[in-house]
Amino acid sequence: MTDITADGQTGSRAEAGRNPAAPGAARTVASAITPAVVARLAKGVTATGEPELVHTTAPLTGERLASLPQSTPADVEVAYQLARRAQQAWGALPVRRRAAVLLRFHDLLLRRQDEVLDLIQAETGKARLHAFEEVMAAAMAARHYGRKAPSYLRDRRRSGAIPVLTRAVEARRAKGVVGQISPWNYPLELSVGDALPAFVAGNAVVNKPDTQTALTALWARELLIEAGLPADCWQIVIGDGPVIGPAVVEHADYVSFTGSTRTGRQVAQQAAGRLVGASLELGGKNAMLVLADADVEKAVEGAVRACFSSAGQLCISIERLFVHRSVADRFLARFAERTCALRLGGGLAYGSDMGSLVSERQLETVTRHIEEAVKAGATVVAGGRARPDLGPLFHEPTILDGVTDAMAVCAEETFGPVVSIYRFDTEDQAVAAANATPYGLNSSVWTKDLRRGRALAARLHTGTVNVNEAYAAAYGSVASPMGGMGDSGLGRRHGAEGILRYTEAQTIATQTVLPLAPSMGLDDVRFAALMTTGLKAMKAFRLK
Ligand code: NAD
């Protein structure tokens, strides 16, 4: 990537103060996620016989959270058998009956949100406000597909081969059983949120959530069953990614994968070998552009959300911030001030601005990226430290300046609360730098001139672009497709593409009166001449 920071402004700065701790909360993980809750949810795992147990810990405290039965590859086969049987009746229901289940789920989810907010926080360590984003996203998907599925899926009359004589109808058929593999970072939205359009299209689903966040998926399954989904239509299998993941792909009629680009490539190859389709929602190295005419204060607030929501463990979060040189100093000073003031904490209550990382692995990557960059000459403008005083996996939100192409943090996805600042002089320079990545997931543009913002957005090579927002405007616009270009994926969730991917198109063409072949005494020569005249006429009459 072009280094556009060589402006002599990257000298060392005084290290900012420590982020304050969020006010404590009376409710703890242990008091909310009791053994009884875990035991109830664990019954939803498809695991036969005497399954081995797998243990998870709560990132906020490092304490044991749950012991869950592990599925074997043979259990995955059982899950598919059960799902296939259940799909027959479910897929035969009128779409409106299935859509009603989604609308009931919407209401139940909003009513019982506190239960799942506790689970999401306990399993991921994120702040409650960031957990609530998942509730919003899943509710929006439920409403959208609950209302729109009948129209997305209805039969559509198409022009026939020969007007009047041929009647063509395009129909949508369920794929059958969808294999869904999901990551840990948005465990509600990326399990049930993505499964809802599959269900309403008439499919069953075998889902492998990340083990760390399986309780959230199991809770969502319970709720959807309460809303009316036949229980066997949603199977949840749990186990080691490289073992159970391929077993899920092995039997699927379609694969819906969300996770890293590295794993996504393996999943894509396996699906291709079986000639089944796959949608892949993968990683990103997303850019935010602050133009010279941006409202700096709003852009700062947007950057805080863009970079540090879910402690940056969000596929569409911003890790590269390009700021016009004329506003860069003002922006950076204010952004650093706001970042240093973020309250870190993990109580099961609102009031914390950022939670913990999810795992040692995440903390290790964040630490490595920062340490390596600093050693090579980058400056820490805010944050930069782990915060073991708050919990084993807390890390401060961090701003780096003076990052160059040689540093891993410049091009690799950190997937943590770390953002690098780059200055630019012209918009062409900013667009070129933002696009200089194999990824293409999300980007954000800040300007007071909305038309200019949209024109610039069209030049960015990403599946979504937010003008004067960080990521939520595009993600929350569930009627529009959302997904990645380049190494960020294949296919889209949301909108028409987000549901039609779970269907097969079937064309039913009915021919009347005459066949599309020589007949009624016409020899081949006359038939060809007649059809030639007919084809010319169809073009002249502007038939499509
Ligand atoms: P990951 O690829 O390590 O794991 C994702 C899922 O795949 C997990 O359930 C895992 O168990 C499973 N898995 C592992 N090996 C497998 C294999 N060989 N075959 C099949 N499945 C296998 O990703 P992660 O670290 O859990 O998640 C973080 C990544 O996900 C980041 O790169 C992030 O950007 C990306 N992500 C993308 C989106 C999106 O919508 N584009 C959303 C969330 C996360």
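The values are calculated or read from the model by the stated rules, or taken from the named source; none is laboratory data. Model, not experiment: these values are computed from the prediction. As a convention, Cβ positions derive from the backbone with ideal geometry for all residues, glycine included, and neighbour counts pool all protein chains shown.
What the table below lists for this structure:
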| read-out | value |
| --- | --- |
| Only listed residue being in contact with a Leu (Cβ under 9 Å, 6 or more places away or on another chain) and in a helix (DSSP H, G or I), chosen from 272, 268 | 268 |
| Top-ranked residue of the range 497-515 - restricted to ones that are of a type in the set (A, V, I, L, M, F, W, C) and exposed (fewer than 14 other Cβ atoms within 10 Å of the Cβ), ranked as nearest to the ligand (Cβ to nearest atom) | 505 |
| Whichever residue in the range 280-289 is within 10 Å of the ligand (Cβ to nearest atom) and not in a loop (DSSP other than H, G, I, E, B) and, among such residues, is farthest from the chain's Cα centre (by Cα) | 286 |
| Selected residue [at pLDDT below 95 and of a type in the set (A, V, I, L, M)] from 164, 178 | 164 |
| Test: residue in the range 291-306 that is within 16 Å of the ligand (Cβ to nearest atom) and under 18 Å from the mean Cα position of the chain (by Cα) | yes |
| Where a residue in the range 467-496 is at pLDDT 95 or above and more than 10 Å from the ligand (Cβ to nearest atom) and its partner, wherever it lies, is in a helix (DSSP H, G or I) and acidic (Asp, Glu), with Cβ under 8 Å and at least six apart | 472/133; 481/497; 491/497 |
| Which numbered condition residue 49 fails, given (1) part of a helix (DSSP H, G or I); (2) closer than 22 Å to residue 234 by Cβ; (3) modelled with pLDDT under 95 | (1) |
| Restricting the range 251-268 to residues that are within 19 Å of residue 212 (Cβ to Cβ) and surrounded by fewer than 19 Cβ atoms within 10 Å (Cβ to Cβ), the residue that is nearest to the ligand (Cβ to nearest atom) | 260 |
| Options 146, 160, 176: the member that is in contact with a His (Cβ under 7 Å, 6 or more places away or on another chain) and more than 16 Å from the ligand (Cβ to nearest atom) | 146 |
| Residues being away from the ligand (no atom under 11 Å from the Cβ) and β-branched (Val, Ile, Thr) - total across the range 232-245 | 1 |
| Among the residues listed as 443, 488, 480, the single one being touching a His at 6+ places or on another chain (Cβ under 7 Å) and of a type in the set (S, T, N, Q) | 480 |
| Selection count, the range 312-340, where residues are within 16 Å of the ligand (Cβ to nearest atom) and either acidic (Asp, Glu) or free of Cβ contacts under 8 Å to residues at least 12 places away in the same chain (or both) | 1 |
| Residue among 196, 229, 190, 215 that alone is assigned to a loop (DSSP other than H, G, I, E, B) and either within 16 Å of the ligand (Cβ to nearest atom) or crowded, with 24+ Cβ neighbours inside 10 Å (or both) | 229 |
| Pairs where the first residue, in the range 21-40, is on the phi < 0 side of the Ramachandran plot and the second is of a type in the set (Val, Ile, Thr), C-beta under 9 Å, 6+ apart | 28/61; 29/61; 30/61 |
| Enumeration of residues in the range 489-529 that are part of a loop (DSSP other than H, G, I, E, B) and under 31 Å from the mean Cα position of the chain (by Cα) | 491, 492, 494, 501, 502 |
| Residue ID - nearest to the chain's Cα centre (by Cα), chosen from residues in the range 251-260 that are part of a strand (DSSP E or B) and not hydrophobic (A, V, I, L, M, F, W, C) | 258 |
| Flag if residue 290 is touching a residue at least 24 places away in the same chain (Cβ under 8 Å), closer than 15 Å to residue 447 by Cα and out of contact with any Cys (no Cβ under 8 Å at 6 or more places or on another chain) | yes |
| Residue 469 vs. criteria surrounded by 15 or more Cβ atoms within 10 Å (Cβ to Cβ), out of contact with any Phe, Trp or Tyr (no Cβ under 7 Å at 6 or more places or on another chain) and closer than 30 Å to residue 161 by Cβ | no |
| Residue 248 within 10 Å of the ligand (Cβ to nearest atom), over 21 Å from the mean Cα position of the chain (by Cα) and not charged (D, E, K, R) | no |
| Residue count for the range 233-249, restricted to those that are in contact with a strand residue (DSSP E or B) (Cβ under 7 Å, 6 or more places away or on another chain) and either closer than 18 Å to residue 72 by Cα or surrounded by fewer than 23 Cβ atoms within 10 Å (Cβ to Cβ) (or both) | 9 |
